[in-house]
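Worksheet for the structure shown next.
Here, each number is a calculation from the coordinates, and none is a lab measurement. Model, not experiment: these values are computed from the prediction. All Cβ positions, even for glycine, are placed from backbone atoms using ideal geometry, and neighbour counts span all protein chains on display.
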Amino acid sequence: MVRHFLRIPDIPRLEAAQLVLRARQLKKGKLRPQILAGKTAAMIFEKSSTRTRVSFEVAVRHLGGYPLFMTQADSQLGRGEPLKDTARVLSRYTDAIIVRTFEQQKLVELAQYAAIPVINALSDSYHPCQVMSDVLTMFENEPDLRGARVAWIGDGNNMCHSLINAAAYFPFTLAVATPEGYEPDAGVVAEAESLGARLEIGHDPEAAAKGARFIHTDVWASMGQESEQAGREAVFAPYQVDARLMALAADNVQFMHCLPAHRGEEVTEEIFESKASIVFDQAENRLHMQKAILEWALQGIDVEEDAVERLVNHIPLS
């Protein structure tokens, strides 16, 4: 069976826990298992990137493989070749397909026809690799996530959706505060709640931030929404993460952002550069998590069964 990673709920809960623990092993041990030796990973990027591209290219190389970077201009995708044809051709040339794109449906179709793993490096709907890295970052800072309150302040976007997905698998409470009209997709919320997620969905940033152990945010206008920037600035201004909002959170609150950040918009310079900011730990953890995801997709991973059970059953790990 081919293992694709398109959304967090697409993989079993135990395996999601395994990814967190395996990424931690790879990071702490500075491990580089050569599971991609002699293999090639096609990286199809329809959106420009710094962290996603570099972390995936380095991850593939750390695992002994060769990353083949492609844009629309470098392939027939930009000329209208059916996705199912691209999937079948790349399956005969390469060993994995890593895609950063706009429509989630493109990933679904690629996975439907590919005989090799397809990994969602970002779509307009989900950002699963980033959020799994964020779970690792939170876990490093708060080994007992039971009862931890995580606040999402801003747009109900792909990051918000994947955090909602993660809340169904990991034992934190997620409080989401968005402007009216920018809420997360109701179907994403309903699915997570059916899986046991503890969610609070609303419009009040102060209510979401109150008592939070972690506060997440993202840019107000994502890639492809540049024409909406001015209008969004007015709508989102009350959702800026600043000292006042952070003061409502837990005493040991930490600030998180997937980057790049627009300082002075969704977060103040003061908070971004404060000791509470762990944004660069998040960025580093992309590398370790993506190595774990690639290892899982290509051969499966094996971590201590007891450790996985403890994480899934909300028992703190050392």
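Structural remarks
- Reported value for region 43-170: 128 Å³ per residue, from the convex hull of its C-alpha atoms.
- Antiparallel content of DSSP bridges confined to region 130-280, in %, to 5: 0
- Estimated translational D of region 128-208 in µm²/s (Stokes, Kirkwood radius over Cα pairs; 10 °C; 1.306 mPa s): 127
- Interchain or long-range residues, amide H under 5 Å from Ile119's placed H: Phe5, Ile97, Ile98, Val99
- Estimated inter-spin distance, Thr50 and Leu14, nm [label 7 Å along Cα→Cβ]: 4.1
- For region 130-280, radius of gyration divided by Kirkwood radius, i.e. Rg to Rh on alpha-carbons: 0.93
- The chain: proportion of alpha-carbon pairs further apart than 39 angstrom, %: 9
- Among Gln290, Val219, Ile153 - extreme Cα towards positive end, dipole of the chain, charges at beta-carbon: Gln290
- Here the relative contact order of the chain, from alpha carbon pairs under 8 Å that lie six or more residues apart, stands at 22 percent.
- Only helices enter the 222 nm calculation for the chain: every DSSP H run of n ≥ 4 contributes -39,500 (n - 2.57), and dividing by all residues gives -12500 deg cm²/dmol, rounded to 500.
- Take every pair of alpha-carbon atoms less than 8 Å apart whose residues are at least six positions apart; their mean separation over the length of region 130-280 yields a relative contact order of 23 percent.
- Proxy reagent accessibility, fewest Cβ within 10 Å first, across Arg149, Arg100, Arg3: Arg3, Arg149, Arg100
- The eigenvalues of the Cα gyration tensor, multiplied by 5 and square-rooted, give region 1-42 an equivalent ellipsoid with semi-axes of 20, 18, 8 Å from largest to smallest.
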